[in-house]
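The structure appears below as structure tokens.
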Amino acid sequence: MKNKAISRLLVLLLVLVFAIAVTGCDNTPAQGSKEPTAAPTQSPTTPTKAASEPTKPAETTKEVLPDIPANRYDATKTPRTGSNATNPLVISTGTLDGKFSPFFNTSAYDVDVVDMTQIGLLYYNKDGAPEAGINVPSYAYDYKQEISANNSTSTYTFILKNGLTFSDGKPITAKDVLFSIYVLSDPLYDGSSTYYTMNIQGMKEYRLQTSADILEMVDKIIEAGIKDGDNGEMVINPASGVSAEQQKAFWSYFDKAGEKFAQEIIDYVNINYPSYISSYFAPYTDDQVAADPTLQAAFGMVMWGFGELNEDGSFSDSMGNTYDLSKDTVDAKVYWANIFDSYGYDLSDSGINYEKAGELNIEDYVQQEYISAEGKVAGGVKNISGITSGKMVCDDGVEREYIKVVINGVDPTAIFKLGVHVTPMHYYTDGYKGQLNEYGVALETKEFMDFLKTKNPKPVGAGPYIFQEYKDNVVTYTANDNFLLGSPKIKTLRYQEITLGAELDSVLTETVHYSDPSPNMTIINDITGKQGDYAKLDYILVDNDGYGYIGIQGQAIPEYEVRKALAHAFNVQLSVDNYYGELASVNYRTMTKILWAYPDDPENMYPYDGTGETSKALFLKAGYIYDADKNIMQYPQGHEKAGTQVTYKFTLPSDVSDHPAGSIFVDAQEVLGKIGVKVDIENDQNLLGKLSTAYESGIQVWAAAWGSGGVDPDMFQIWYSDPAVNQGTSAARSGLYYLYNNGSEEEKAMLKELNELILAGRSTLDTEERKAIYKRALELSTGLAVEIPTYQRKNMYVFNADVIKASSLFRGDDVTPFQTPISFIWNVELN
């Protein structure tokens, strides 16, 4: 496996999952009733087991009033005063691409620009949990999730609010939701949304414009698969009920699909990791890469470990080819050749599909190419059978529209993909000369998709602010007084582009009033010292979505007691005290602490013993021999190194002084030395790239960190240990596959239970049930002593407290990776 500049596992952990169910139109306030003005909360209820029709008979219905808070602020009746009326709030942002479309935005910064103008079908709160209701910035008044008795289908019903309008005053209806869904599901849609990857009934037929019979045949071909022949040629495995000619025709699109597979990686890296350009792709700049497809492809290959940038600025790929990036072409075709060179026809999760950047495997791309060329049905597929709409009367006697979505099976992640932006069909189709269907789209028509992109420069929606212009690196908005939760307190809002690394200076110089610099204790000390320009600043810290850990390779160190002995020698508090200070806290479970599934106040399973006696007892329990006279711990009889001193290699990706775990390793070296165990600490800058083959690379104990995992507590990819089911490399890096087959009876029992819990967590939408499942699963995963959690670092927001009223921001526990201090921007005020 090629070295990876970053581990895809850190960024490809399944994003967005939090199962919560709310009873449709039950337990909701009557229209116009007074509601509290604080941030909304909602208690989850258990989803019902049998689907029911989302309608109920009623002889009469109440007068239809807007579903908005009775006491919402209305600036047209109570005008803004002071700074809120005359001065702008200026927020920093990075380099913008200018694609300000809810469908086609290409960077996280562009997403921020768009989001100010939009509302979603659902709102996701500070815990990442979906919400709906009158006091919630969502179009859904309520929603419910229902699972069929045999778990064959999941039905989601979204009851929609009455009386809402877009910022231009036009009414919002279910048609706007359907328009958004059908754009994202169109066969020619090429934006970043993965809405179409859900197993919605009829979605594949619609997306591919094919029949169920053809999909069944394709499934058989994919299940049979392909493999490498003796001379590297493609060998097609026989498929039941499918002819050899059909299989050959299908797999003939392999290379064409592979180029699209590679292009997805290029796009993913360039959308999500422009901040890494200065570290991994210098001397090229963000702007140079953004403007040059060859640089984008080379950068994508560098970040995924398929090449490196040379000192002279040229690029060498993993096949040994060198390119002059000023004149040679590097593209998806080159990238695919490198991927194929590495894996051949290995389509497993540890083969070609290990490299995927999205949710589609290489087989999915082959399927798309094949069906597009040879498998479309005459007349086309006009709609998605599992998505319907209508009207229902709620328990409060009011009639409302609804959208219903039926998904095959149980998918706890679906609720997060279903919360689409509610975009105005009238605006995004205004001016299109072609024919539109009942959903407001021209099905599979390139001209229509191209037309939608002409709207990229100016987003329109029902969000708190109205986009005015993007000029001279500044985006300007004015308040949307039609916003469902009330007029924003501040009339004018701006995003100011700031060079990466200049975030703090931009606040100090009052170029912006709010930013998110990289945190360090110097900034905190300067702000708390209140000297000079820092006197006007304040800061807010928030846990980062990720955590540090120490890995103990289970195949390299197979004795359970020995791994626990090492764990008790790690003083994980040192990663905080000696490195991060206020900018981190200790973590005691193999999960980021910000997730809803993280247990409350978990105990430390490996209390630190600086005397070494706890570790010594565990070594002796494992049969190791201690020579007190020489202070040497020896390998036991039967070990290949029997009679010699026990020695371990601890590996860091940087110098001891530059890594959070550096002082932990140095201290553990001293502690273990007290009981005659020798520890060698080494620095290997290529450590992260070697972890997928840790055992083969001689890695025994190492320190690293997991990155963002979103809201999903699913542990399958990293912790499911049956190699017949999970072919991913994360379980291999820790040695779980080895322990599953060769571990002690105690370890095998733990892994078996853990696997069962992981599958159970994927099979229910009940939040409380899942929370209990993951509490026990985390005890087992941490208890295996192949991964010892260390720290959870923090990120930082800095703002000008002379300009922004601090009390109008979210603070403390209300700030999470899912809710920033200004998430409720409509409530933010100026002094």
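The values are calculated or read from the model by the stated rules, or taken from the named source; none is laboratory data. These numbers were taken from a predicted model, which means no experiment stands behind them. Cβ: placed from backbone, ideal geometry, glycine included. Neighbour counts: every protein chain shown. SASA here: full protein model, heavy atoms, side chains in, ligands and nucleic acids out. Shrake-Rupley method; radii C 1.70, N 1.55, O 1.52, S 1.80 Å.
Segment 171-239 and segment 675-693 have Cα centres separated by 43 Å.
Restricting segment 756-797 to GluC sites (Glu not before Pro) that sit in a DSSP loop and have at most 11 other Cβ atoms within 10 Å of their own Cβ leaves nothing. Per residue, segment 730-831 exposes 36 Å² of accessible surface when a 1.4 Å probe is rolled over the protein heavy atoms with every protein chain present. Please list, in chain and number order, the residues 5+ apart from Ile632 or on another chain whose amide H is under 5 Å from its amide H, with Hs placed from the backbone. Excluding prolines and chain starts, which carry no amide H, the hits are Asp627. Here the gap between Thr81 and Asp190, fully extended at 0.36 nm per residue and compared with their Cα-Cα distance, gives a gain of 34.8 nm.
Report the local net charge at Thr81: Lys and Arg +1, Asp and Glu -1, summed over other residues whose C-beta lies under 14 Å from its C-beta. Every neighbour counted, the sum reads +4.
For a straight C-alpha distance cut-off of 25 angstrom, the lysines reachable from Lys433 (same-chain residues fewer than eight places away being disregarded) are Lys99, Lys170, Lys175, Lys382, Lys446, Lys453, Lys455, Lys458.
Above 23 Å, the calculated P(r) of segment 299-419 contains 59 percent of its Cα-Cα pairs. Under 26 Å of direct C-alpha separation, and excluding same-chain neighbours fewer than eight residues apart, Lys674 reaches these lysines: Lys564, Lys616, Lys621, Lys630, Lys641, Lys649.
Give the distance, in whole Å, between the Cα centre of segment 738-777 and the Cα centre of segment 638-674. For segment 738-777 versus segment 638-674, the Cα centre distance is 30 Å.
Per-residue 3J(HN,Hα) values for segment 415-424, derived from phi via the Karplus relation 6.51 cos²θ - 1.76 cosθ + 1.60 with θ = phi - 60°, read 4, 8, 7, 6, x, 5, 4, 9, 9, x Hz in sequence order (x marks Gly and Pro). Among the trypsin sites (Lys or Arg not before Pro) in segment 493-579, those placed in a DSSP loop whose Cβ has at most 16 other Cβ atoms within 10 Å are Lys530. The tail of the calculated P(r) for segment 201-319, taken as Cα-Cα distances beyond 21 Å, holds 56 percent of the pairs. Labels on offer are (1) 1.00; (2) 1.16; (3) 0.95, and the one holding Cα Rg over 2.2 N^0.38 Å computed from this structure is (1).
Segment Lys391..Met521, full-extension length gain: 41.2 nm, with 0.36 nm per residue of separation and the alpha-carbon distance subtracted. Which of rounded, prolate or oblate describes segment 701-831 when judged by the alpha-carbon gyration tensor and an a/c cut-off of 1.5? It comes out prolate by the Cα gyration axes. Give the percent of DSSP beta bridges with both residues in segment 123-183 that are antiparallel, rounded to the nearest 5. Of the beta bridges lying entirely in segment 123-183, close to 100 percent run antiparallel. To the nearest 0.05, what FRET efficiency results for Lys220 and Ser372 with a Förster distance of 22 Å applied to their C-beta separation? After rounding to 0.05, the efficiency reads 0.70. Estimated purely from DSSP H runs of n ≥ 4, each contributing -39500 (n - 2.57), the mean residue ellipticity at 222 nm for the chain is -8000 deg cm²/dmol once divided by its residues. First check a/c for segment 554-675, with a ≥ b ≥ c the square roots of the eigenvalues of its C-alpha gyration tensor; if it is under 1.5, answer rounded, and if not, answer prolate when a/b is larger than b/c or oblate otherwise. Prolate shape, in that a/c is at least 1.5 and a/b is the bigger ratio. In terms of its Cα atoms, segment 611-678 spans 39, 26, 20 Å along the principal axes, sorted from long to short.
Near Tyr196, once Lys and Arg are set to +1 and Asp and Glu to -1 for all other residues with Cβ below 10 Å from its Cβ, the sum equals +1. Largest first, the three principal axis extents of the alpha carbons in segment 256-345 are 35, 25, 21 Å in whole numbers.
When Lys and Arg each count +1 and Asp and Glu each count -1, what net charge do the other residues less than 15 Å away from Ile632, Cβ to Cβ, add up to?
+3
Measuring nothing but how far apart in sequence close Cα pairs (under 8 Å, 6+ apart) lie, relative to its length, the chain scores a relative contact order of 20 percent. Expressed to the nearest 5 percent, the antiparallel share of DSSP beta bridges inside the chain is 80 percent. Segment 485-527 and segment 605-633 have Cα centres separated by 52 Å. By definition, a body whose alpha carbon gyration tensor gives a ≥ b ≥ c is oblate when a/c is 1.5 or more and a/b is not larger than b/c, and segment 723-795 fits this oblate description. Modelled spin-label separation between Asn71 and Glu438, with each label point placed 7 Å from Cα along the Cα-to-Cβ direction: 4.4 nm. Once both labels are positioned 7 Å from their Cα atoms along Cα-to-Cβ, the gap between Glu745 and Ala772 label points is 2.9 nm. Between Ala282 and Asn321, residue separation times 0.36 nm minus the direct Cα-Cα distance comes to 12.1 nm.
Shown in residue order for segment 821-831 are the 3J(HN,Hα) couplings computed by the Karplus curve 6.51 cos²θ - 1.76 cosθ + 1.60 at θ = phi - 60°: x, 10, 4, 9, 4, 5, 9, 6, 10, 9, 6 Hz (x for Gly and Pro). For segment 569-691, the solvent-accessible area of protein heavy atoms averages 45 Å² per residue (probe radius 1.4 Å; ligands and nucleic acids excluded).
Excluding ligands, DNA and RNA, the accessible surface per residue across segment 98-142 is 21 Å² with a 1.4 Å probe.
When the solvent-accessible area of the chain is split by element, carbon and sulfur atoms take up 47 percent of it, the probe being 1.4 Å. Between Ala290 and Asp349, the distance separating the two model label sites (each 7 Å from Cα on the Cα→Cβ line) works out to 3.6 nm.
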